[in-house]
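The values are calculated or read from the model by the stated rules, or taken from the named source; none is laboratory data. It should be emphasised that the depicted structure is a prediction, and the values quoted were computed from it without experimental measurement. All Cβ positions, glycine included, derive from the backbone under ideal geometry; neighbour counts span all protein chains shown. For accessibility, only protein heavy atoms count, side chains too; no ligands or nucleic acids. Shrake-Rupley method; radii C 1.70, N 1.55, O 1.52, S 1.80 Å.
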Amino acid sequence: MNKLKAENRTCMAARQTSIKDVAEAAGVSFKTVARVLNNEPHVRPELRERVRAAAEQLGYAPNGAARELAGGRTFLIGLMFDNPSESYISKCQTGAITRCQETGHHLVVEPLEPGDDVPRTLDLILSRLRVDGLILTPPICDDPFVLDAIERAGVRYVRIAPMNEVERTPFVAIDDSQAAYDMTRHLLAQGHRDIGFVAGPAGHAASPRRLSGFLRAMGEARLAVSPKRIGQGDFSFESGMIASAPLLAGERRPTAIFAANDDMALGVMSAASRAGLAVPKELSVAGFDDSEPALMAWPELTTIRQPIAAMSAAAADMLIEASGKGQAWPVPSRQLDYKLIVRGSTAPPGC
């Protein structure tokens, strides 16, 4: 029986399509097929299409181990995060996975949970995984211990929206300060003058930038912002509820509250509902990110559309291009566009 199984495995292996079969079917050289499968440049479009069509027709799937031995690459991209926002991380994963699939790579997701023994966990990740590069999301992208450990391991990495040492490594970001400025200007244009703000955690790169954009717009409008009008959150729904409760208490309430992310903005809307306040007639609420829950609320949330999936896809692309083309490292950083999305949660005061 064991001999029969061994013979069957041998026959199956013999029937597996090889890269040489693809080359023969496409009428090109072995090297051309390898260059197409590795997404290398300088291959004529017609040859690239011919190779891909032949590979698909023959059902050819590259062997990961063989590819690694051939090119010194693992075709693995890692994503590390310690961000509490599930919607943010979900979009990060979606963007990176899509880009990896388009280029024959795989994404390996490694969370660092609160309470983890970070040095031990990080050593295990770096020793166990042989990745072509790492994507780091905030706030872990600003952890000096993490950055030092990755650099000692000789692994390339791209950070998403870092706060510190921005010249240390390539990154992908938007202009958080300008986006928050634009949102505040939108509220001011609607006639709001008493505007509260729910800030994110101090250790997160976006938090001080979004707060600064809010304060800059209010300052240009010659409107003083009392410290009592700024609540402190941690980017979670619960923190938005808690931080906005003091802002909504008392006789003199703000007519609008701008929260530094959507999860907290939805918490503000929940707190307003508990206080018996109608949104947007008695309180306008704005957020930041344009996460999926922003469309699940009623009224739907006015927010800043941050291209989170596109940012992680760009980070993956920077790592993939550098490893595949032998491109000099570091590569240039990238800044992507954002968009102000106006929905039903904001309106002129009293409307």
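Some points to look at:
- Convex hull projection area averaged over all views, the chain, Cα basis, nm²: 23.2
- Additional length obtainable on full extension of the chain from Leu336 to Ala189, 0.36 nm per residue less Cα span: 50.4 nm
- Each label point was placed 7 Å from the Cα along the Cα-to-Cβ direction; for Arg130 and Gln178 their separation is 4.3 nm.
- Applied to segment 138-150, the Karplus parametrisation 6.51 cos²θ - 1.76 cosθ + 1.60 on θ = phi - 60° returns per-residue 3J(HN,Hα) values of x, x, 4, 5, 10, 7, x, 5, 5, 5, 4, 5, 5 Hz, with x for Gly and Pro.
- Solvent-accessible area of Trp329 with every protein chain in place, 1.4 Å probe, in Å² to the nearest 10: 80
- Where a label projected 7 Å from the Cα of Cys351 along Cα→Cβ would reach, residues of segment 187-205 with amide N under 14 Å: 187-193
- Fluctuation leader among Pro307, Pro227, Pro299 - the chain, Gaussian network, Cα springs under 10 angstrom: Pro227
- Here the Karplus relation 6.51 cos²θ - 1.76 cosθ + 1.60, evaluated at θ = phi - 60°, turns the backbone of segment 257-265 into coupling constants of 10, 10, 9, 6, 7, 5, 4, 5, 4 Hz, with x for every Gly and Pro.
- Segment Glu151-Leu58, extension gain: residue separation times 0.36 nm, minus the distance between their alpha carbons: 29.3 nm
- Remark: accessible surface ordering of Tyr157, Tyr181 (largest first) is Tyr181, Tyr157, probe radius 1.4 Å.
- Inter-site label distance for Glu167 and Ser29 at 7 Å from Cα along Cβ, in nm: 4.4
- Inter-part distance, segment 132-178 to segment 223-269, computed on C-alpha centroids, equals 30 Å.
- At most 16 other Cβ within 10 Å, DSSP loop - GluC sites (Glu not before Pro), segment 236-329: Glu251, Glu282, Glu300
- For segment 186-231, trypsin sites (Lys or Arg not before Pro) meeting the loop criterion (DSSP other than H, G, I, E, B) and having at most 12 other Cβ atoms within 10 Å: Arg222.
- 3J(HN,Hα) from dihedral phi, segment 233-244, Karplus parametrisation 6.51/-1.76/1.60, rounded to Hz, x for glycine, proline: x, 10, 6, 9, 4, 4, 5, x, 4, 5, 5, 7
- Choice from Arg99, Arg168, Arg120 showing the highest fluctuation, given a GNM over the chain with Cα pairs closer than 10 Å: Arg120
- Arg44-Glu86 FRET efficiency (beta carbon distance; Förster radius 35 Å; 0.05 resolution): 0.20
- Averaged over its residues, the chain has an accessible area of 49 Å² per residue, based on protein heavy atoms and a 1.4 Å probe.
- When the residues Cys141, Cys351 are ordered by accessible surface, computed with a 1.4 Å probe over the protein chains alone, the sequence from largest down reads Cys351, Cys141.
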